[in-house]
Amino acid sequence: MSNIWGTCQDVNDRDFKAILNNLINAPRIDHEIEEILFTFAENHPVEIINFLKKRVLVKKKIGRGNSYDAIPFNFYKLTEAFQKNENSVIDEVFKWFDGKDWSLRWEGSHFLKEVFSLSSRLDKKLIELLKTKEKENIDIVLAIVNTYQGRISLDNNVSIILVRDYPKYHTDLIIAMSMSGGVVSGEYGFVNS
């Protein structure tokens, strides 16, 4: 693997796509694969997000009882590249919420929690969704807030808007803020319970 680092930075578009297509079949993204993805993510963050989305769809197609992990529960290096490209990464992950696919929504919510804090551009994006006052957008915000499992506070802008403007969602917000993640745990939490 050590010989690949210099070549990853210099691959052409066709080879880049071929590498990503081959990595879709990897049962999990281990440290070595993450190193490769990190090299690409610095200059091609949207393509890496789309690669991760494809992996989620493969996982869904294969089913629950397999050893294919679409996205690591924790990144050890990719977070840095994604944070450098915060705007484009957040916008691309939010496309995962366009449909009704629960697996994309769940993985997208957890990806955002892993990579970004609620005080970043993510906070602004969630506020934009809340301002639409559309139920679908409010549900997206609550799904993302829920993944933070109690690591949000009432002085967070998203929480303030939810409390002030959406009283019918107070119970959902209180549940999100009081969750510790200890009762239902693991990589897939409530999804598999």
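A few points about this structure:
- Note on Lys59: lysines with a C-alpha under 26 Å away, same-chain residues under 8 apart excluded, are Lys17, Lys77, Lys95, Lys100, Lys113.
- Accessible surface area normalised per residue over the stretch 20-60 is 44 Å², counting heavy atoms of protein chains with a 1.4 Å rolling probe.
- Convex hull of Cα atoms in the stretch 1-110, direction-averaged projection (nm²): 6.9
- Eigen-decomposition of the gyration tensor built on the alpha-carbon atoms of the stretch 57-117 gives equivalent ellipsoid semi-axes of 21, 15, 8 angstrom, largest listed first.
- Zone of Asp15's modelled label, taken as backbone nitrogen in the stretch 38-61 under 16 Å from a point 7 Å along Cα→Cβ: 39-41
- Relative contact order (%) - the stretch 44-131, alpha-carbon pairs under 8 angstrom, separation at least six: 32
- Label positions at Ile161 and Tyr76, each projected 7 Å from the Cα along the C-beta direction, are separated by 3.7 nm.
The values are calculated or read from the model by the stated rules, or taken from the named source; none is laboratory data. Here the structure is a predicted model, which is why all the values come from computation and not from measurement. All Cβ positions, glycine included, derive from the backbone under ideal geometry; neighbour counts span all protein chains shown. Only protein heavy atoms, including side chains, enter the accessible area calculation; ligands, DNA and RNA are left aside. Shrake-Rupley method; radii C 1.70, N 1.55, O 1.52, S 1.80 Å.
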